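These notes concern the structure reproduced below.
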Amino acid sequence: MIDWSRVRELLDEVGSDDFEEVVRLFLAEVEGIVTGLQSNQGQQPGQIAAGQGPDAASVGDTITPLEAQLHYLRGSALCLGFTSFCRICLEVEQKAARGRATAEHVSEVLFAYFGAKAELLGGLSGVLATETAGDMPGSAIRS
């Protein structure tokens with residue numbers, strides 16, 4: 001689920017000229033972490049390799065790489081109104097903190113991300129058209 005009021009708020013904050021670039025940067029950063037999570041699906045979640053997004057060394061020694069990645073994803077996604085994705089990231093982050101995150105939990109995160117991404121990309125042209133009142137053609141953002 002996307003919080004479209006947050007998307008419109010961000011559009012108002014950065015302006016239509018910069019909005020598409022903000023979305024592109026968000027997707028590029030998040031896709032890097034998501035790709036890492038996908039490639040590590042066969043590993044134990046607590047053992048997910050560092051160096052793919054934030055890792056324990058950059059956040060604190062008491063946090064697993066998976067926790068750090070989920071925390072980063074959650075914070076980034078909140079900026080673009082990915083409410084359901086954020087909720088799932090928080091749930092799995094808390095499970096990872098207790099050593100209880102499984103590959104199935106990581107799959108839930110991935111599924112939620114791709115669903116939110118599709119919803120965002122599908123609805124952006126309408127938001128941009130409404131906000132810009134015809135000043136800008138439909139969104140060219142695709143990933």
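The values are calculated or read from the model by the stated rules, or taken from the named source; none is laboratory data. Note that the structure is predicted; figures quoted are calculated from it, not measured. Ideal geometry is used to build each Cβ from the backbone, glycine not excepted, and the neighbour counts take in all protein chains shown.
Which one of these is modelled with pLDDT of 95 or more, in contact with a helix residue (DSSP H, G or I) (Cβ under 8 Å, 6 or more places away or on another chain) and among the aliphatic types (A, V, I, L, M): ALA112, ALA97, ALA140, ALA101?
When all the criteria are applied, what remains is ALA112.
Here is a list: ASP3, ASP12. Which entry is among the charged types (D, E, K, R) and within 21 Å of ILE88 (Cα to Cα)?
It is ASP3.
Only one of LEU78, LEU73 is aliphatic (A, V, I, L, M), in a helix (DSSP H, G or I), at pLDDT 90 or above and within 24 Å of GLY15 (Cβ to Cβ). Can you tell me which?
Answer to the check: LEU78.
Among the residues of segment 6-48, how many are at pLDDT 90 or above and not in a helix (DSSP H, G or I)?
1
Out of the residues in segment 11-38 that are hydrophobic (A, V, I, L, M, F, W, C) and more than 15 Å from the chain's Cα centre (by Cα), which is surrounded by the most Cβ atoms within 10 Å (Cβ to Cβ)?
Looking at residues that are hydrophobic (A, V, I, L, M, F, W, C) and more than 15 Å from the chain's Cα centre (by Cα), I get PHE19.
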